[in-house]
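Participant: Have a look at the structure that comes next, please.
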Amino acid sequence: MSVLTLGKRRSIAAIVMVSGALLSTGAAQSGTGSVIGTTTGQANGIVGGERLQNLGALKETLLQYHDCTCTCGCYTAELDSVTREAGAFFDNYVSTALTGDHLDKRTGRKPVVVIDIDETALSNWEIIKDRDFGYSRESFLQWEQAAKAPGIPGTLRLFNAVKAQGLPAVFLTARLESERDVTVGDLRAAGYAEWDGLIMKGADAPALAADYKSQQRAALREKGFIVVINIGDQASDLSGEPALGRFKLPNPFYLVR
Ligand SMILES: [Mg+2]
């Protein structure tokens, strides 16, 4: 072991001890009266947890973010902003990159718009809030069957714009094939009509949504399509197989990999 390495280790050890000491000093100076540790490793263990966001506080923030009552952002305004951006991208594509017979000028391919469903086409906020940000497969299936999920206005607007141009719009969801009938009911109840495809996860699909969705967009390419817009609320909606325009809606409420 070199002297240099030893020296570095000593420095790191010193920094750790100093931060522990600072923590104890800070607590004492804050006047809270709570003893959160000493300058030993006990204090250092608490430091890590204190750096993590408190779950209860985070849930409060998420509720405020959804209802636009915080300075942390405004969910509905951000949904609207991203979907308007997607709409402008689509309008520009139609006016500049489309042949008279609705083919992509550059590639000769058939354009298609790919839209995710949950928290993109439909809002499940009611059940998300009701379950306190937890997930239960059983209660979510009941929610789907109730067909109460409202459409996300900006996505419905984009969908209708695509259909008005006579171009295909396809839903690509990680919902299972067994949920097809209820999903069709959900989409119709929310105002979507005459979509050109509803791609659902089959038994042999990759486990990860990112892999499954990328695979399905690649399958569209193999059928002669070019994905003009791919829009979703998860990074896993957008990774892998590319699109001309990718649009990520906000969703700090849950994560799908
Ligand atoms: Mg989604």
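Participant: Of all residues in the stretch 109-147, count the ones that are of a type in the set (D, E, K, R) and closer than 19 Å to LEU198 by Cα.
Facilitator: 5
Participant: Please state which of the following conditions THR120 fails to meet, knowing it meets all the rest: (1) more than 14 Å from the ligand (Cβ to nearest atom); (2) in contact (Cβ under 8 Å) with a residue 60 or more places away in the chain; (3) in contact with a helix residue (DSSP H, G or I) (Cβ under 8 Å, 6 or more places away or on another chain); (4) among the hydroxyl-bearing types (Ser, Thr, Tyr).
Facilitator: Checking THR120 against (1) more than 14 Å from the ligand (Cβ to nearest atom); (2) in contact (Cβ under 8 Å) with a residue 60 or more places away in the chain; (3) in contact with a helix residue (DSSP H, G or I) (Cβ under 8 Å, 6 or more places away or on another chain); (4) among the hydroxyl-bearing types (Ser, Thr, Tyr), the one that fails is (1).
Participant: When you scan the stretch 160-257 for helices (runs of 4 or more DSSP H) that lie fully inside it, which ones turn up with 2 or more residues that are within 22 Å of the chain's Cα centre (by Cα) and under 20 Å from GLU85 (Cβ atoms)?
Facilitator: In the stretch 160-257, 235-238 are the helices (runs of 4 or more DSSP H) which contain 2 or more residues that are within 22 Å of the chain's Cα centre (by Cα) and under 20 Å from GLU85 (Cβ atoms).
Participant: Anything in the stretch 166-181 that is away from the ligand (no atom under 16 Å from the Cβ), open to solvent by 40 Å² or more (accessible area, probe 1.4 Å) and either touching a strand residue (DSSP E or B) at 6+ places or on another chain (Cβ under 8 Å) or farther than 30 Å from LEU98 by Cβ (or both)? List them, or say none.
Facilitator: Scanning the stretch 166-181 gives GLU177, SER178, ARG180, ASP181.
Participant: Restricting the search to the stretch 209-257, which residues are aliphatic (A, V, I, L, M) and within 14 Å of the ligand (Cβ to nearest atom)?
Facilitator: Within the stretch 209-257, ALA209, ALA210, ILE231, ALA235, LEU238, LEU249, LEU255, VAL256 qualify.
Participant: Now, a different point. Residue by residue through the stretch 132-152, note down the ones that are within 16 Å of the ligand (Cβ to nearest atom) and either in contact with a Cys (Cβ under 6 Å, 6 or more places away or on another chain) or closer than 16 Å to PRO252 by Cβ (or both).
Facilitator: PHE133, TYR135, ILE152
Participant: Which condition number does GLY100 fail, the rest of (1) among the small types (Gly, Ala, Ser); (2) closer than 22 Å to TYR65 by Cβ; (3) modelled with pLDDT under 95 being met?
Facilitator: Looking at each condition in turn, GLY100 falls short on (2).
The values are calculated or read from the model by the stated rules, or taken from the named source; none is laboratory data. The model shown is predicted, which means the values in this text are computed figures rather than measured ones. Using ideal geometry, Cβ is built from the backbone for each residue, glycine included, and neighbour counts are taken over all protein chains shown. Surface accessibility is based on the protein's heavy atoms, side chains included, excluding ligands, DNA and RNA. Shrake-Rupley method; radii C 1.70, N 1.55, O 1.52, S 1.80 Å.
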